[in-house]
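> One structure coming up, written as structure tokens, with questions to follow.
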Amino acid sequence: MSINKSDIEHLCNLSKLKLEEDEKAVFLEQMQSILRMIEELQEVEAEDIIPMAHPLDMTQRLRADEVLETDRRDEYQKNTEHTESGFYKVPKVIE
């Protein structure tokens, strides 16, 4: 696949970018470089390679799922009179 200056101008138009001519030339070279790299990657035989999630064969150690703290909501809400049914009452922000 190849890309030319008119493609760059079309991309700039679609993305609402305003690039100077020298910036377009730099962008064109960068895009061509990216496309060359993609073509190289497509040539690699990778059908026999098993996808992996992590380079090391490890399992994640998880801690036990147990409650470490008790619910102290009532204790905290004793400090204010602006509560109702276990919730904090706040002033209305949106009308």
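> Indicate the gyration tensor shape class of segment 37-88 (rounded, prolate or oblate), computed on the Cα atoms with a ≥ b ≥ c the square roots of the eigenvalues: a/c under 1.5 is rounded; otherwise a/b larger than b/c is prolate and the rest oblate.
On the way: a/c = 7.44, a/b = 2.91, b/c = 2.56.
The shape class here is prolate.
> Total Lys pairs in the chain closer than 19 Å by alpha-carbon, pairs eight or more apart in sequence or interchain only?
Pairs that pass both the separation and distance tests number 5.
> Please list the non-local residues whose amide H lies under 5 Å from the amide H of Thr83, H modeled 1.01 Å from N, same-chain partners needing a gap of 5 or more.
When sequence neighbours closer than 5 places are left aside, the close amide H contacts are Lys89.
> Give me a comma-separated list of calculated 3J(HN,Hα) values for segment 23-40, in order, Karplus coefficients 6.51, -1.76, 1.60 applied at θ = phi - 60°, integers in Hz, x for any Gly or Pro.
5, 5, 5, 5, 4, 4, 4, 5, 5, 5, 5, 5, 5, 4, 5, 5, 4, 4
> Sticking with this one: Provide, for q = 0.10, 0.14 Å⁻¹, the log10 of I(q)/I(0) from a solvent-free Debye sum over equal Cα point scatterers in the chain.
After summing over all Cα pairs, the log10 values are -0.73, -0.76.
> OK, next. For the chain, what does the relative contact order come out to in percent, with C-alpha contacts under 8 Å and a separation of six or more?
18
> Could you state the angle between the C-alpha long axis of helix 5-15 and the longest principal axis of the C-alpha atoms of the chain, as a value from 0 to 90 degrees rounded to the nearest 10?
Taking the Cα atoms of the chain, the angle to 5-15 is about 20 degrees.
Each reported figure results from applying straightforward, stated rules to the coordinates on display, with no laboratory input. Quantities reported herein were computed from a predicted structural model and do not represent experimental measurements.
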